[in-house]
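*Asks:* Quick one: this structure, given as structure tokens, is what I'll be asking you about.
The values are calculated or read from the model by the stated rules, or taken from the named source; none is laboratory data. Just so it is clear, the structure is predicted and the values come from calculations on it, not from any experiment. When we count neighbours, we look across all protein chains shown, and the Cβ atoms used for this are built from the backbone with ideal geometry, even at glycine. SASA here: full protein model, heavy atoms, side chains in, ligands and nucleic acids out. Shrake-Rupley method; radii C 1.70, N 1.55, O 1.52, S 1.80 Å.
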Amino acid sequence: MCALLAAVMAASQVAMAVLPNIEPVSLLVLVYALTFGRDVFYIIYTFIFVEGLLYGFSLWWFTYLYIWPLWALAVLLIGRRTERSPMLWAVASGTFGLSFGALDALPYLAGGPAAAFSRWVAGIPFDLLHCGGNFFLALVLEKPLHQLLVRLRDSID
């Protein structure tokens, strides 16, 4: 199941690659975390490994090792404390998209604060697209995808 769900993430990301920073991975991490709890981390790390096989293992790949798990952890923490609202998840997902570039710039601190800051600032237009795409996808698709995955999970158990 873990490999299949990771493959769905990778295939959906490739399918939407023509749109800059509009990707379904954030949405899928969101619904996988809500549906499978802590098991989401197995799915995420399988996805990250597949991404490395597809695109190569370079610095961006290492950032994925902490960025996607941080998003899953945020979902798990928010999900425990609040009611499931499509607007809440849309705002949280949009916020994650907006912060993606700042999180991605952290390793560039090795080149000094100016290197990390310039990397982050240069990516702000893409972060804005990421924010908008995440917000819209979560608002429209979080609830139906979550319900579908819960039914699938329960039918397997």
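*Asks:* Which numbered condition in (1) within 23 Å of ARG80 (Cβ to Cβ); (2) outside any helix (DSSP H, G or I) is the only one that THR35 fails?
*Replies:* Going through the list (1) within 23 Å of ARG80 (Cβ to Cβ); (2) outside any helix (DSSP H, G or I), THR35 breaks only (2).
*Asks:* Now a separate question. For region 29-46, how many residues are touching a residue at least 60 places away in the same chain (Cβ under 8 Å) and not polar (S, T, N, Q)?
*Replies:* Residues meeting the conditions: 5.
*Asks:* Same structure, new question: Considering region 103-157 alone, what residues qualify as being open to solvent by 80 Å² or more (accessible area, probe 1.4 Å), closer than 22 Å to ALA74 by Cβ, touching a residue at least 40 places away in the same chain (Cβ under 8 Å) and of a type in the set (A, V, I, L, M)?
*Replies:* LEU106
*Asks:* Being open to solvent by 80 Å² or more (accessible area, probe 1.4 Å) and under 17 Å from ALA10 (Cα atoms) is the filter here; which residues of region 61-88 pass it?
*Replies:* Result: PHE62, single match.
*Asks:* Can you confirm whether THR35 is over 26 Å from LEU106 (Cβ atoms) and of a type in the set (S, T, N, Q)?
*Replies:* When the stated conditions are applied, THR35 passes them.
*Asks:* Step by step: first the residues of region 53-103, then only those that are of a type in the set (S, T, N, Q) and at pLDDT 95 or above, then the one that is nearest to the chain's Cα centre (by Cα). Which residue is that?
*Replies:* Of everything passing the filter in region 53-103, SER93 is nearest to the chain's Cα centre (by Cα).
*Asks:* Taking the condition of being under 24 Å from PRO20 (Cβ atoms) and either among the small types (Gly, Ala, Ser) or outside any helix (DSSP H, G or I) (or both), how many residues in region 58-109 meet it?
*Replies:* Count: 12.
*Asks:* Let me ask something else. Which residue out of VAL31, VAL40, VAL18, VAL8 is surrounded by fewer than 21 Cβ atoms within 10 Å (Cβ to Cβ), under 19 Å from LEU148 (Cβ atoms) and not basic (Lys, Arg)?
*Replies:* Only one candidate qualifies: VAL8.
*Asks:* Next question, about the same structure. Would you be able to tell me the number of residues in region 59-115 that are among the charged types (D, E, K, R) and touching a Cys at 6+ places or on another chain (Cβ under 9 Å)?
*Replies:* The qualifying residues number 0.
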